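Structure first, then comments.
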Amino acid sequence: MSKAPPLLQINQLSHKVIGPVTLAVEAGDCVCISGPSGSGKSLLLRAIADLDEHAGEVLLNGTAARDIPAHNWRSRVGLLPPESVWWLPRVGDHFHGDLPVRMDNIGLGNDMLARHVIRLSSGEKQRLALMRLLSNQPEVLLLDEPTANLDPENTRRIEAVIDEYRRARQAAIIWVSHDVAQVQRVADRHYVVKAGDLVEQTIEGKQWLS
């Protein structure tokens, strides 16, 4: 009996300064990527999300991105960029149906839905952008420093929300982080970008969220 393919398979992926990268991420796994600014971490996530032209291929459950309509791929392989884009005036205009988690789980109140986006802080936008992403119920999360603008308390809240989603949905996660302690908490594997390649690291002092 043949083995099922990994949820996310990246084969010889190259984009500008990064690559070629080959990486498999199983359902329920969290892979953290670190590296200096400009090393190509964000470019790698954008290529996986099929937002930029690139060489190589990415497969979801064994099906290549080229064989899945672009809007479908980007819904199933969801990217959370460092700075989110908001195209409607109020927060609630960006959500339809039930919220993926309660607002207090991300340190915000329900009145936030009535707020104008222009009045949000960078940390509020970052947390709400994660909520918006999870509303699509993606199978893969591509997280580009999702807690960069948050204080320690809200960082742990967001880590817990992501961990709960990963466990409940068996989602695969690629998480860009510069925070060593965070990597110790959330990662199953850790890679550092060196000369365009991913070099696996030992996760020293591994911690666990639960």
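Some notes on this structure:
- Computed over protein heavy atoms with a 1.4 angstrom probe, the accessible surface ordering of E139, E83, E204, largest first, is E83, E204, E139.
- Counting charges near R157 (Lys, Arg +1; Asp, Glu -1) among other residues having Cβ under 14 Å from its Cβ returns a value of -3.
- Beta bridges assigned by DSSP with both partners in region 76-210 are antiparallel in approximately 40 percent of cases.
- The chain - charge dipole about Cα centre, Lys and Arg +1 at Cβ, Asp and Glu -1, debye rounded to 20: 200
- Proximity of backbone amide H atoms, modeled 1.01 Å from N, is registered between W175 and V31, C32, I33, L143 at under 5 Å, excluding neighbours fewer than 5 places apart on the same chain.
- Per-residue surface analysis assigns S135 an accessible area of about 50 Å², computed on protein heavy atoms at 1.4 Å probe radius.
- Å² of accessible area per residue within the chain, as computed with a 1.4 Å probe and no ligands counted: 50
- A Gaussian network model of the chain, with springs between Cα atoms under 10 Å, assigns the largest mean-square fluctuation among P81, P152, P138 to P152.
- Taking label positions 7 Å along the Cα-Cβ direction at both H116 and E204, the computed distance is 5.0 nm, reported to one decimal.
- Among R132, R66, R76, residue whose mean-square fluctuation peaks in a GNM of the chain (springs only between Cα atoms under 10 Å): R66
- Taking all protein chains as they are arranged and a probe of 1.4 Å, the heavy atoms of K194 leave approximately 110 Å² accessible to solvent.
- Candidates D52, D151, D98: whichever shows maximal mean-square fluctuation once the chain is modelled as a Gaussian network with Cα springs under 10 Å: D98
The values are calculated or read from the model by the stated rules, or taken from the named source; none is laboratory data. Given the structure is predicted, the values throughout are model-derived calculations rather than measurements. Note that we place each Cβ from the backbone using ideal geometry, even for glycine, and neighbour counts take in every protein chain shown. When the accessible area is computed, the model is the full protein with side chains, heavy atoms only, and any ligands, DNA or RNA have been set aside. Shrake-Rupley method; radii C 1.70, N 1.55, O 1.52, S 1.80 Å.
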